[in-house]
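All remarks here apply to the structure that follows.
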Amino acid sequence: MPVTMSILITGGAGYIGSHTARLLHEQGREVVILDTLEYGHRTAVGDLPLVVGDVANDALVRDTCARFGVDAVVHFAAYKFVGESMEQPERYWANNVAGSIALLRSLRAAGVERLVFSSSCSVYGTPESVPVREGAAIRPESVYAETKAMVERVLRWETELTDFRGVSLRYFNASGAHPDGAIGEVWDRAQNLIPLVMKAALGRSAPLQVRGDDYPTRDGTGVRDYVHVCDLAAAHAAALDRLAEGELPPAVNIGTGTGYSVLEVLAAAERVAGREIPHEFAPRRPGDIAAVWGDTSLSVKALRWRATRSLDDIVATAWQWHVGHPDGYDG
């Protein structure tokens, strides 16, 4: 049974945040969302309470925690575009790192001492071997990934030196949409494969660029671990429950433990769409690696969670969402 609690979700009007907020609410928990709406969408929140503001606003965070009796926090609020982070590093340090530190300070002042942090498998950089385990070297290769690694370290020291309890969830490629088609990923700035496949399938872009067909993989294209966004939401719920029971390992991989190639994703999308999806091969992108997926044994042991949805589930829900919302929440 889910543990009854009141949860503050920062960035809860965004893609993963909105799915997590909805699941937690459906489980009977009290939920309040804090989001600047810079990239989040009010429509994605539905009828849940929404406080518009920044995690770095100490008075706002403390007031929100007091008004809603917050017991725990799920912290999604961050900028997430890798390329942009390399062009505007100071913006990412300020928002992702300084903002998170300010949030932790405010939470401790408000007496809130449990937090689930939205981290990323990008903290591993190019792993020496796959599947990647949590003990692998942390070697970020972008400013975005470095901000995630830095906040992980801050949170680890908080839990070591104080009564604060936290866990960083390092998830792999979040994909798909809610099965009812009401919420999903807005593709206007998407850099991930599946929304790009959907754009090409619906004629909203040029043919999909398959970047690299000469990798040492089963079909020459890159292999990644795709995890359904609703499975991700369930992982956050499980982490909240385990934190309420006691301490957790500092970081846990959240994925399926299986890698799929670009061509396998494309084939799944063609089955769902019932049509060929225009694509063309192009040179590899600098810095891309051949294959990466996660070892998920710790998530099963520590969180009592495992992904339940398949690649076909991911693609089918993404297709339903994008067909119904080609312009995101605006249409």
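Where a number appears in this text, it was derived from the coordinates with a stated rule and is not lab data. Only a predicted model underlies this, so the values are computations on that prediction, with no experimental measurement involved. Here Cβ is always computed from backbone atoms with ideal geometry, including for glycine, and neighbour counts include all displayed protein chains.
Across the range 250-266, coupling constants 3J(HN,Hα) worked out from phi with the 6.51/-1.76/1.60 Karplus curve, θ = phi - 60°, read x, 8, 9, 5, 10, x, 9, x, 10, x, 10, 7, 4, 5, 5, 5, 4 Hz, and Gly and Pro carry x. Just so you know, the Cα atoms of the range 173-324 work out to an Rg and Dmax of 16.5, 51 Å. Rounded to the nearest 20, the size of the Cβ-charge dipole of the range 39-129 about its Cα centre is 220 debye, with Lys and Arg at +1 and Asp and Glu at -1. Panel values: the range 257-331, Kirkwood radius from alpha carbon pairs, Stokes-Einstein at 10 °C and 1.306 mPa s, translational diffusion coefficient 104 µm²/s.
Under a 5 Å amide H cut-off, with hydrogens placed 1.01 Å from N, ALA174 pairs with VAL227 among residues at least 5 apart or on other chains. Taking amide H as placed 1.01 Å from N in the peptide plane, the amide H of VAL31 sits under 5 Å from that of ILE7, each at least 5 places away or on another chain. Relative to the dominant Cα principal axis of the chain, helix 229-245 is inclined by about 30°. Reported value for the range 14-145: 127 Å³ per residue, from the convex hull of its C-alpha atoms. Ordering ALA94, ALA200, VAL74 by the projection of their Cα atoms onto the charge dipole of the chain, which places +1 on the Cβ of Lys and Arg and -1 on the Cβ of Asp and Glu, puts VAL74 at the extreme positive end.
Directionally averaged projected area (the range 146-201, Cα convex hull): 5.9 nm². For the range 1-88, the alpha carbon convex hull comes to 97 Å³ per residue, rounded to a whole number.
Given +1 at the Cβ of Lys and Arg, -1 at the Cβ of Asp and Glu and no other charges, the dipole of the range 271-331 around its Cα centre is 400 debye to the nearest 20.
In sequence order, the range 142-155 has phi-based couplings of 8, 4, 3, 5, 5, 5, 5, 5, 5, 5, 4, 5, 4, 5 Hz under the Karplus curve 6.51 cos²θ - 1.76 cosθ + 1.60, θ = phi - 60°, and Gly or Pro positions carry x. The orientation-averaged projection of the convex hull spanning the C-alpha atoms of the range 14-61 amounts to 3.3 square nanometres.
For q values of 0.07, 0.08 Å⁻¹, compute log₁₀ I(q)/I(0) with the Debye formula on a Cα-only model of the chain, without solvent. Reported log10 I(q)/I(0), two decimals: -0.26, -0.35.
Under a 5 Å amide H cut-off, with hydrogens placed 1.01 Å from N, ASP295 pairs with VAL132, ARG133 among residues at least 5 apart or on other chains.
Once the convex hull of all Cα atoms in the range 237-280 is built, its volume per residue stands at 117 Å³. For the chain, modelled as a GNM whose springs connect Cα atoms under 10 angstrom apart, the maximal fluctuation among GLN88, GLN209, GLN320 occurs at GLN88.
With a cut-off of at most 13 other beta carbons within 10 Å, and DSSP calling the residue loop, which trypsin sites (Lys or Arg not before Pro) in the range 241-331 qualify? Please list them. Hits after loop and neighbour filter: ARG275, ARG304. Using Cα pairs closer than 8 Å and at least 6 residues apart in sequence, work out the relative contact order for the chain, in percent. Answer for the chain is 19 percent.
Listed values for the range 291-301 are Karplus-derived 3J(HN,Hα) couplings in whole Hz (6.51 cos²θ - 1.76 cosθ + 1.60, θ = phi - 60°), namely 7, 8, 8, x, 7, 10, 5, 5, 5, 5, 6, and x replaces Gly and Pro.
Around the Cα centre of the range 156-311, unit charges on the Cβ atoms of Lys, Arg, Asp and Glu (plus for the first two, minus for the last two) sum to a dipole of about 140 debye. Given springs between every Cα pair under 10 Å in a Gaussian network model of the chain, which of VAL32, VAL227, VAL51 has the largest fluctuation? Ranking VAL32, VAL227, VAL51 by mean-square fluctuation puts VAL51 first.
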